[in-house]
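The values are calculated or read from the model by the stated rules, or taken from the named source; none is laboratory data. Just so we're clear, the structure is a prediction, and the values are computed from it rather than from any experiment. Quick reminder, even Gly has a Cβ in these numbers, built from the backbone with ideal geometry, and neighbours come from all protein chains shown. Side chains are part of the model used for accessible areas, which takes the heavy atoms of the whole protein and leaves out ligands, DNA and RNA. Shrake-Rupley method; radii C 1.70, N 1.55, O 1.52, S 1.80 Å.
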Amino acid sequence: PSLISDLNPGNTSSSPEELTVVGKNLYFSADQGSGRKLFYYNKSFKKPKLVKNSGNNPEALTAVGKHLYYSAESELGRELWSAKKSKSMLVEDINPGSESSSPSDLIMITRINKNNSKIKKNKYLYFSADDGSHGTEIMSVNLKTKKNNVSIEADIIDGPSSSFPKELTNYDQQLYFTAKNQSNGRELWTVGPEI
């Protein structure tokens, strides 16, 4: 074995976490002594590089095609971000202002729609988040568009109460997850067209 780099020199750990491969790049979060940040590495580098302006305390790192999607903190709270190589950006301030939407359980699913004889494939990023008015519910981003607008996909409990979706899973290009409501408790749910 060989040490790739000592991001936090000395006997203090940088504690790399959430190692996620996107193409030929390895992304991870680590602490150089000033809080957790997003880094990326590939074999052409001597050491990992910091992804600048990528938010603080990145979590839920998820590979989606050539992009990395993740949750990070900024002055806008914890929101959804994306990165490609050394560039990153806030996808959307889902819960406007400084309140956090706290995106979690990110997963990409290709939805296949059949209209007459045409087959249309669209890629969606699904996750749970709180937009400030619907509580914590299922949100989505249509990855085919360049705008990356976030939409509420399922509001299981109307109003600001939350169903707290968890365990988002891709099964045969269909989204399955667990969520709770007052009449059923926590049960299995699905969203999207059936194939």
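Would you tell me the accessible area of Glu75, worked out with a 1.4 angstrom probe on the heavy atoms of the protein chains, in Å² to the nearest 10?
Estimated to the nearest 10 Å², Glu75 gives 150 Å².
Quick one: if you stick a label point 7 Å off each Cα along the C-beta vector at Asn8 and Leu50, how many nm between them?
1.4 nm
Note down the net charge around Leu26, summing +1 for each Lys or Arg and -1 for each Asp or Glu among other residues with Cβ under 13 Å from its Cβ.
With Lys, Arg at +1 and Asp, Glu at -1, the net is +3.
Please give the per residue accessible area of the chain, computed with a probe of 1.4 Å over protein heavy atoms only, in Å².
About 58 Å² of surface per residue is accessible.
Could you tell me the largest-minus-smallest coordinate of the C-alpha atoms of region 1-70 on each of the three principal axes, in descending order and whole angstroms?
Dimensions of region 1-70 along the principal axes of its Cα atoms: 36, 26, 19 Å.
For a quick check, take a GNM of the chain with Cα springs below 10 Å and name the residue from Gly159, Gly132, Gly77 with the largest mean-square fluctuation.
Of the options given, Gly159 has the highest mean-square fluctuation.
Let me check something: with ligands and nucleic acids excluded, how do Met89, Met139, Met108 order by accessible area (1.4 Å probe), largest to smallest?
Largest to smallest exposure gives the sequence Met89, Met108, Met139.
Among [x] 7, 28, 34, 22, 8, 1; [y] 9, 32, 32, 19, 7, 1, 0; [z] 7, 24, 20, 19, 15, 9, 6, 1, which is the computed P(r) over Cα pairs in 10 Å bins from 0, in percent?
Given [x] 7, 28, 34, 22, 8, 1; [y] 9, 32, 32, 19, 7, 1, 0; [z] 7, 24, 20, 19, 15, 9, 6, 1, the calculated one carries the label [y].
Skipping prolines and chain starts, which residues have an amide H placed within reach, meaning under 5 Å, of the one on Leu106, given they are 5 or more residues away or on another chain?
The answer is none.
Using a 1.4 angstrom probe on the protein heavy atoms only, could you order Leu188, Leu7 from most to least accessible area?
On the way: Leu188 125, Leu7 20 Å².
My answer, sorted largest first, is Leu188, Leu7.
Would you pull out the residues with amide H under 5 Å of Gly55's amide H, same chain only if 5 or more places away, H placed 1.01 Å from N?
The list, which skips near neighbours in sequence, is empty: none.
Just the number, please: carbon plus sulfur as a percent of the accessible area of region 37-195, 1.4 Å probe, no ligands or DNA/RNA counted.
Ligands and nucleic acids excluded, carbon and sulfur give 47 percent.
Taking Rh as the Kirkwood radius computed over C-alpha pairs, what is the Stokes-Einstein D of region 3-118 at 37 °C in a medium of viscosity 0.692 mPa s, expressed in µm² per second? Provide the component values of the computation, followed by the final result.
On the way: Rh = 15.2 Å.
Translational D for this selection: 216 µm²/s.
Given Lys66/Lys120; Lys24/Lys87; Lys37/Lys144, which pairs have Cα atoms separated by over 23 Å?
Lys37/Lys144
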